[in-house]
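The block underneath contains the structure these notes are about, expressed in structure tokens.
The values are calculated or read from the model by the stated rules, or taken from the named source; none is laboratory data. Computed from a predicted model, the values in this text were never measured in an experiment. Glycine gets a Cβ as well: all are built from the backbone with ideal geometry, and neighbour counts include every protein chain shown.
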Amino acid sequence: MNSMLCIYEDAKYSNLYPLSLTRPVFELRCGIFSLGEKLVRHFPGVKVTYLVRDAIRELVKEQHSDFSGNKIPEENTYFVNARLILHESLPKDLSRSTAFRVNNEIVGAFVARADLAKIRFSGEGLIDESAFEKFDTVEISGHTIHYPWDLVHHNGEEISSDFKFMGRGGHILGKVYPNVTFLEQANIYLAPGAKIYPGVVIDGESGPVYIAEGATVMANAVIQGPVYIGKNSRIKIGAKIYEGTSIGEVCKVGGEVEESIVHGFSNKQHEGFLGHAYLGEWVNLGADTNNSDLKNNYGHVKVMINGSMVDSGSMFVGLFMGDHSKSGINTMFNTGTSVGVMCNVFGAGYPPKFIPSFTWGGIDRQERYDFNKAVETARRVMERRQKTLSTAQEKLLRELFERSEHQSI
């Protein structure tokens, strides 16, 4: 296939705040892989480029050597929305420009070279998808991510799908100590360098369990698939990891976790419940932090999105927390709470359900977190993992700090 793949963000990226504040939409995770990685695997051997909003362009350029700087390609190109999860590959025999639709939503297009001049940019450096509407349209198999809870609700099925794609079930290649129980071993993969200590139960009966290189599962933990444990992460003694959970690289996780996504380098080491939640990178939850994911009246949970309360349509919605945010010991989060980046939440009682970025405090008092102090803490935390805060990352954080000044605390 002599074509390119261009993964692009659209104007709905902000519906995925706070998770998309500090990363492009295609780096959000669902299952074992990111949204972008899932799309790329449908285009083997094809050159990939990206189109992102202006605010994160420098960050993406710093992190992706193949980023062209928001330039429209010059050859036949598959434009695919970063919010799309494909169920099957797109048609490969196209010669005429063709738009792709999922449930009456345009999610991309194959654009022949002769039509590339019709593609324009709109505000914020995003491409104007209205050009796609002029092409012939075909319905494709997939679903789109509209809000953070969509990532969580699809996570279990995506772990299963990714696990099947990788084809590694039944391979136990790491170190397994005595008295470990595997249920439905064909649904379990233990990578080289991973360790499973005595008393652990890994249950693959309800879905696959993938434990990546260098990960450690400490004694008496129970893992019930579908679950993904990332590279060099540590599951603490007696932890209970339930279905639909993805844990990124270099995390420490204990207590009870259910149907949640945790990005890399984040910690929930101690007792406490995390359910139907999504944590960004460099998050730390203090001991006995709990989040509610179900209202007592079993009603739909509403979440603050872009200044408006949005009905999730679901009874089960937990906590969404942006990068570098933290909670103190015994913190309680209500159903559908959204916490921005670089927050420090502590104190008795339930804090507000919407906590803007760079907020310090809890229910009794909240104030703006001093930017220099917040960045210094981030540097200190990252240095402990041999990472550094890059110039582009710090610039983006400063811009977010200035924007958050206009949000109510």
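Quick notes on this structure:
- Scanning region 55-108 for residues that are surrounded by fewer than 19 Cβ atoms within 10 Å (Cβ to Cβ) and on the phi > 0 side of the Ramachandran plot gives 69, 103, 104.
- Test result for residue 261, at pLDDT 95 or above, under 19 Å from residue 152 (Cα atoms) and of a type in the set (Val, Ile, Thr): yes
- Count - residues of region 250-275 that are over 20 Å from residue 161 (Cα atoms) and not in a strand (DSSP E or B): 11
- Test for residue 304: is it within 18 Å of residue 150 (Cα to Cα), surrounded by 15 or more Cβ atoms within 10 Å (Cβ to Cβ) and free of Cβ contacts under 8 Å to residues at least 24 places away in the same chain: no
- Only one of 404, 338 that is polar (S, T, N, Q), over 29 Å from residue 271 (Cβ atoms) and in contact with a Pro (Cβ under 7 Å, 6 or more places away or on another chain): 404
- Residue that is over 13 Å from residue 325 (Cα atoms), touching a residue at least 40 places away in the same chain (Cβ under 8 Å) and not acidic (Asp, Glu), where the choices are 291, 284: 291
- Test: residue in region 11-34 that is surrounded by 23 or more Cβ atoms within 10 Å (Cβ to Cβ), assigned to a strand (DSSP E or B), at negative phi and under 16 Å from the mean Cα position of the chain (by Cα): yes
- The lone criterion from (1) free of Cβ contacts under 8 Å to residues at least 60 places away in the same chain; (2) outside the structural domain of residue 82 (by TED's automatic domain parsing); (3) surrounded by fewer than 17 Cβ atoms within 10 Å (Cβ to Cβ) left unmet by residue 165 is number (1).
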